[in-house]
Amino acid sequence: MLVELLYCSVSVPSQLTHVDLDHILASARRRNVAENITGLLLYYRGEFVQILEGEEESVFNIYEKFIGSDPRHTALNKVHQNTISHRSFSEWSMGFVGAAEIESPMPSSVIGVLMNMLTDSAKSKPLSLSLNAFVSIYDQMRKSPYR
């Protein structure tokens, strides 16, 4: 059974460097490939938002065993989880959206950014509940960048 899981957390330290993020992405991508997990990670001003997709056991294993015990973040909050009929990010072991996209003065919408990352089959279907929640969180971050 395929599931998706969306969570938010706060980084420790409160602002990670590009080097820190590169290490996080490299290790997450290796682990996700091994577990056949796909998804998207957003990091902005000390906050993570991530969508994981895959077989139920693998997603929950990654979430509980690796993410839940990672000392680089705290205040872990599972926002949404549900079963899905298809992957939205099947080409991404871990897509990434960072400050550059969020702070861009260009009037790009979150849907535009997201659509660039979705697979062709996902673009033709309605957004899942977790993706809708992701869009909402992204919009909030974009509208109030100086919290």
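Looking at (1) of a type in the set (S, T, N, Q); (2) surrounded by fewer than 12 Cβ atoms within 10 Å (Cβ to Cβ); (3) at pLDDT 90 or above, which one does ASN32 not meet, given that it meets all the others?
With respect to (1) of a type in the set (S, T, N, Q); (2) surrounded by fewer than 12 Cβ atoms within 10 Å (Cβ to Cβ); (3) at pLDDT 90 or above, ASN32 is out only on (2).
Using the structure shown, decide if TYR7 is among the aromatic types (Phe, Trp, Tyr) and surrounded by fewer than 20 Cβ atoms within 10 Å (Cβ to Cβ).
no
Could you say whether any residue in the stretch 28-49 is in contact with a His (Cβ under 7 Å, 6 or more places away or on another chain) and closer than 23 Å to VAL135 by Cα?
yes
Would you please list the contacts, defined by Cβ atoms under 7 Å and residues six or more apart or on different chains, that run from a residue in the stretch 66-86 that is over 13 Å from LEU5 (Cα atoms) to a residue that is assigned to a loop (DSSP other than H, G, I, E, B) and at pLDDT 90 or above?
Correct list of pairs: empty, since none qualify.
Any idea which residue in the stretch 14-29 is nearest to LEU76 (Cα to Cα), counting only those that are in contact (Cβ under 8 Å) with a residue 24 or more places away in the chain and not hydrophobic (A, V, I, L, M, F, W, C)?
Applying the filter and picking the extreme gives SER14.
The values are calculated or read from the model by the stated rules, or taken from the named source; none is laboratory data. None of these values were measured; they are calculated from a predicted model. Cβ atoms come from the backbone with ideal geometry, glycine included; neighbour counts cover every protein chain shown.
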